[in-house]
1. When you check residue 92 against the structure, is it touching a residue at least 60 places away in the same chain (Cβ under 8 Å), touching a strand residue (DSSP E or B) at 6+ places or on another chain (Cβ under 7 Å) and more than 15 Å from residue 12 (Cβ to Cβ), yes or no?
2. Which residue out of 134, 70, 99, 123 is surrounded by 11 or more Cβ atoms within 10 Å (Cβ to Cβ), at pLDDT below 95 and of a type in the set (Asp, Glu)?
3. Here is a list of conditions, (1) over 12 Å from the mean Cα position of the chain (by Cα); (2) under 16 Å from residue 89 (Cα atoms); (3) not hydroxyl-bearing (Ser, Thr, Tyr), and residue 60 meets all of them except one; can you say which number that is?
4. Hey, can you tell me all the residues within the range 7-16 that are touching a Phe, Trp or Tyr at 6+ places or on another chain (Cβ under 8 Å) and buried (at least 22 other Cβ atoms within 10 Å of the Cβ)?
5. I'd like the full set of residues that are under 10 Å from the mean Cα position of the chain (by Cα) and either surrounded by fewer than 11 Cβ atoms within 10 Å (Cβ to Cβ) or under 17 Å from residue 11 (Cβ atoms) (or both), limited to the range 75-84.
6. For the range 95-139, what are the residues that are within 29 Å of residue 52 (Cα to Cα) and among the β-branched types (Val, Ile, Thr)?
7. Among the numbered criteria (1) touching a residue at least 60 places away in the same chain (Cβ under 8 Å); (2) of a type outside the set (Val, Ile, Thr); (3) touching a strand residue (DSSP E or B) at 6+ places or on another chain (Cβ under 9 Å), which one does residue 37 miss?
8. Give the residue that is nearest to residue 23 (Cα to Cα), with candidates limited to residues of the range 95-111 that are touching a residue at least 12 places away in the same chain (Cβ under 8 Å), out of contact with any Cys (no Cβ under 9 Å at 6 or more places or on another chain) and of a type in the set (D, E, K, R).
Amino acid sequence: MSSYVTFTIDDALYGIDVLQVREALVAQERTRVPLAPDGIAGLVNLRGQVVLTVDLRPRLGLPPAADDAERMMVVVQTDGEPTSLLVDRVGDVVDVAPERFGPPPDTLDPTLRPLIRGACRLEERLLLVLDVDEAATVA
């Protein structure tokens, strides 16, 4: 059995292995990074530690969120450092049996395939399991 922290971006359901997640919290004020590539939302101070925030919308080829949208952050570990992933909403932790996990669907945009480790069939919808290391890498 695998457990995933779920979140939504533009009504699609994504998940991250629960062991990679440090915390989930309401998005905080960020300091912009001059000349940063698209997808770097800025830096945030989490209890005295400066943490890079990556907006997953551009990584997934989606338009920016509305200026008044109340977004959330999922703080994960990548290369031994915390990274904050900016998402639309955080959901529940779901447990998925191994037989429900499979490869990404054939209909998935080929440019997104490197970001998705696999897919899980849930009762009501499809959960796309995010490759955290790949998603947090913004060139």
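The values are calculated or read from the model by the stated rules, or taken from the named source; none is laboratory data. The shown structure was predicted, so the numbers you read here are calculated from the model rather than taken from an experiment. With ideal geometry, Cβ positions are generated from the backbone for all residues, glycine too; neighbour counts draw on all protein chains shown.
1. Values: touching a residue at least 60 places away in the same chain (Cβ under 8 Å): yes; touching a strand residue (DSSP E or B) at 6+ places or on another chain (Cβ under 7 Å): yes; more than 15 Å from residue 12 (Cβ to Cβ): yes.
When the stated conditions are applied, residue 92 passes them.
2. 134
3. (1)
4. Listed by number, the residues that qualify are 7, 14, 15, 16.
5. If the condition is that a residue be under 10 Å from the mean Cα position of the chain (by Cα) and either surrounded by fewer than 11 Cβ atoms within 10 Å (Cβ to Cβ) or under 17 Å from residue 11 (Cβ atoms) (or both), then no residue fits.
6. The answer is 111, 116, 129, 132, 137, 138.
7. In the conditions (1) touching a residue at least 60 places away in the same chain (Cβ under 8 Å); (2) of a type outside the set (Val, Ile, Thr); (3) touching a strand residue (DSSP E or B) at 6+ places or on another chain (Cβ under 9 Å), residue 37 misses (3) alone.
8. Per the criteria, the residue is 95.
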